[in-house]
Amino acid sequence: MDERDGFEERLRQARAREGLDTPREQRGAPPQGPWGFGLRAGVEVVSALVVGIGLGYGLDRWLGTWPWLFLVFFVLGSAAGVLNVYRLFNPKRRPRAE
Amino acid sequence: MAVEGKTIDALSQFELAPVGGVFGWAVSFSQSNLFMVVAVALTWYLMKATADRGAMVPGRLQALGESAYEFVAGMVRDQVGDEGKKYFPFVFSVFMFVLFGNLLGMLPYAFTYTSHIAVTLTLAVVVWVAVTLIALKRHGMHFFSYFFPEGAPVWLAPIIIPVEVISYLSRMVSLSIRLFANMVAGHVMLKVFATFVVLLGGLGTIGPFVAAMPLAVNIALVGFEFLVAFLQAYVFAILTSIYLHDAVHLH
């Protein structure tokens, strides 16, 4: 009986390792802590602004509508930056399901 | 190079110069490219040494290779889930390339190729395009519902969709700027404090005593930079995994 119990245990471990059973709890999140969050938030805002300004400026150059699209995309980029920071603090992680 | 006259020259360490004589000039093979080749060769050697021996009780090199493998494999499994296993080689390659780039840069006289926005942006664009293609392949046109959350009022679509698209595009910018800025800032700080050591050291009798202070700072910074080198490679890989999770599961 002992040997069989040992087999069941090893089989369970092997199945878990190969992902045949349900996954376990989450591990390995991005680094937490005030500095990590602060720096990440700054980068997220800046990068959204860069994309917004770049898109607006490029479209203006192309369509000759300076400065209107630039202004519109500047505002949209700011909103996207806020959205990025919001996502940073509230990751929308649902339980593992399609 | 650090001290020219009595000024601090912290940025010349990022300048590219051809290596390898005539061949290097002919194809613009810079020291950045050289260290990329070294990084790939080292990764290849580490993996080969790990896989070749396959000892039941691993030696030092095999233990290093196995722990690197398990670290990334666990990260992909936890972040993406079991569907993510086929993307493991991609995440692992990116992780090892960034990690070796950061760590090789800590050697004296070495060049840190991750301190160039051209390199990190290319890496981030590769990740971004790959993730987008995976999402398109898995979900087809349904992928575009990612840009409009369910349940939002339809009249808000003209605002929400551009904001979501910009947010999605900003991923590659934030991924590249984070790595690039961390590496540049660290190496500039090292250079600045190293220059202080040299400048203060030349102040006559009290020089060596005053110079000990920036030297102490620099020693602490070197340790900190090793932490940053690991941390930034980890952050790059885990964000790649998180984006893969979004691509595989969509919302």
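Restricting attention to segment B:115-134, the residues being in contact with a Leu (Cβ under 6 Å, 6 or more places away or on another chain) and more than 15 Å from B:Ile242 (Cα to Cα) number 1. A search for C-beta distances below 8 Å between a residue of segment B:152-178 that is at the interface with chain A (Cβ under 8 Å from one of its Cβ atoms) and any residue that is among the acidic types (Asp, Glu) and part of a helix (DSSP H, G or I), counting only pairs 6+ apart in sequence or on different chains, returns B:Ser170/A:Glu44; B:Ser174/A:Glu44. Can we say B:Arg53 is more than 19 Å from the chain's Cα centre (by Cα), surrounded by fewer than 14 Cβ atoms within 10 Å (Cβ to Cβ) and within 23 Å of B:Ala229 (Cα to Cα)? Against the criterion (more than 19 Å from the chain's Cα centre (by Cα), surrounded by fewer than 14 Cβ atoms within 10 Å (Cβ to Cβ) and within 23 Å of B:Ala229 (Cα to Cα)), B:Arg53 does not qualify. Counting just the residues of segment B:228-251 that are among the hydroxyl-bearing types (Ser, Thr, Tyr) and within 10 Å of chain A (Cβ to nearest Cβ), which one comes out farthest from B:Arg138 (Cα to Cα)? Among residues in segment B:228-251 that are among the hydroxyl-bearing types (Ser, Thr, Tyr) and within 10 Å of chain A (Cβ to nearest Cβ), the one farthest from B:Arg138 (Cα to Cα) is B:Tyr234.
Of all residues in segment B:121-135, those that are over 12 Å from B:Phe90 (Cα atoms) have Cβ atoms under 7 Å from Cβ atoms of residues that are surrounded by fewer than 17 Cβ atoms within 10 Å (Cβ to Cβ) and aliphatic (A, V, I, L, M), 6 or more apart or on another chain, in B:Ala135/B:Leu250. Remark: pairs (first residue in segment B:208-225, under 18 Å from B:Leu107 (Cα atoms); second residue at pLDDT 90 or above and β-branched (Val, Ile, Thr); Cβ separation under 8 Å; 6+ apart in sequence or on different chains) = B:Leu215/B:Val197; B:Asn218/B:Val197.
Considering B:Leu121, B:Leu107, B:Leu103, the condition of being away from every other protein chain (no Cβ under 14 Å), over 24 Å from A:Pro91 (Cα atoms) and either acidic (Asp, Glu) or not in a loop (DSSP other than H, G, I, E, B) (or both) is satisfied by B:Leu103 alone. Can you tell me which residue in segment B:226-245 is surrounded by the most Cβ atoms within 10 Å (Cβ to Cβ), limited to those that are in contact (Cβ under 8 Å) with a residue 40 or more places away in the chain and over 18 Å from B:Ala73 (Cα atoms)? Of everything passing the filter in segment B:226-245, B:Ala229 is surrounded by the most Cβ atoms within 10 Å (Cβ to Cβ). Within segment B:179-227, the residues that satisfy the criterion of being assigned to a helix (DSSP H, G or I), away from chain A (no Cβ under 14 Å), out of contact with any Leu (no Cβ under 8 Å at 6 or more places or on another chain) and β-branched (Val, Ile, Thr) are B:Val192, B:Thr195, B:Val198, B:Val217, B:Ile219.
A residue that is surrounded by 14 or more Cβ atoms within 10 Å (Cβ to Cβ) and on the phi > 0 side of the Ramachandran plot can be found somewhere in segment B:78-90. Inside segment B:144-167, residues that are part of a helix (DSSP H, G or I), of a type in the set (Gly, Ala, Ser) and more than 13 Å from A:Gly52 (Cα to Cα) make up a count of 2.
Here is a yes/no grid of residues against (1) farther than 30 Å from B:Val188 by Cβ; (2) at pLDDT below 90; (3) assigned to a helix (DSSP H, G or I):
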site	(1), (2), (3)
B:Asp52	yes, yes, yes
B:Ala68	no, no, yes
B:Arg77	yes, no, yes
B:Pro89	yes, no, yes
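The values are calculated or read from the model by the stated rules, or taken from the named source; none is laboratory data. The model shown is predicted, which means the values in this text are computed figures rather than measured ones. Reconstructed Cβ throughout: ideal geometry from the backbone, glycine too, with neighbour counts over all protein chains shown.
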